[in-house]
1. Kindly provide the trypsin sites (Lys or Arg not before Pro) of region 189-242 that DSSP labels as loop, not H, G, I, E or B, and whose Cβ sees at most 10 other Cβ atoms within 10 Å.
2. What does the helix-only formula give at 222 nm for the chain: each DSSP H stretch with n ≥ 4 adding -39500 (n - 2.57), the total divided by the residues, and the result rounded to the nearest 500 deg cm²/dmol?
3. Can you list which of the GluC sites (Glu not before Pro) found in region 245-293 are DSSP loop residues with at most 15 other C-beta atoms within 10 Å?
4. Would you mind checking Lys125/Lys293; Lys271/Lys293; Lys2/Lys293 for any pair whose Cα atoms are more than 26 angstrom apart?
5. Can you give the Rg and Dmax of the chain based on its C-alpha atoms, in angstrom?
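The numbers here are math on the coordinates, done by the rules we state, and not lab data. All values reported here derive from a predicted model rather than from experimental measurement. Cβ placement follows ideal geometry from the backbone for every residue including glycine, while neighbour counts extend to all protein chains displayed.
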Amino acid sequence: MKASAYYGIQFAQSRYLLLWQCNRQKSIVEDVFDPSEEISVQYDVLVSGRENVQRYFEIAERDQIANGGFIRNDAASSQFITILADGQEAIGNWTTLTGIIEVPQYGNVSEAKTLRYCLGRFNNKFKLNEGIWRLATLHWEPIIEIEGWKLAKDQSLEKYCQEPKNWLEIPSRLQPISDDGVSHKTAESLLIRNTVMSFCHHFNCFGISSINPEWFSKAAMQSVMEMLKPLSGCKSGIVLATSPIVTVEDNLSQARLFMSVTHLKRLDDSKIEHQRGSVSIELIKSESEPSWKIDKFDWYRYATLDPWTITG
């Protein structure tokens, strides 16, 4: 995978989320979207056309500032990127832990009683325009809704609410990214990241049945099943994978990946268990099998939170 595509798409998505969190929604269209008229955004409803999308973000910024500087936050993980055949378009997928403030009326966010959490999914389309990857369509959908959490007073948050636009200096606009000088090891490390995240993405979308034994050695497959196999009568859970660190050996045939993982495992139709840990993976490939294969898979579980209640 080209570094320019991997990082270009990642930067565009990250910048979108950053602008949203910093109350700069009305600059999103010009800043991160493709210049064409055929753009769209879908959270609860589909909004199509450049003028309508711009109006949507202007309203979002107004409402967010009126609510004290925060109405939602999407913590994106398990990034998986697919470059389409023409090389000019791509699909980016992220699983999110999304917090949504529920307020009784416009006013300071401290008036809110609960923070509602959802597990959701971005399925976004990107286009390459003058060397820069930009959003063309943005689509987020909820997967699981979880009971609200009570909010505690936070002096730092209250200070931010008073001057939300001074909270963070936004970096410069998106820029073209060159593949010049990118080493084979770097290219392979990005491919490995995307390969492992594709496994997470397919599991999150289609459950345990989507896991292909050909991706793993027999021992690694057994370890994966021990971690992810759902309880009897339950649907598969959700994997939130972040911070992948990849080391590729000089022979380009062996590699290691370490990442932080949250496994949200269903206990029944109303409860989901929050398991925190890390995953260490060893990968191999050969001339006869040029695709990376997971040879060893270790799940280090170090904390389990009280189950969350599923509300939707």
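1. When the trypsin sites (Lys or Arg not before Pro) of region 189-242 are filtered for loop state and at most 10 Cβ neighbours within 10 Å, nothing remains.
2. -8500 deg cm²/dmol
3. Glu249, Glu287
4. Lys125/Lys293; Lys271/Lys293
5. Cα only, the chain: 20.7, 63 Å (Rg, Dmax).
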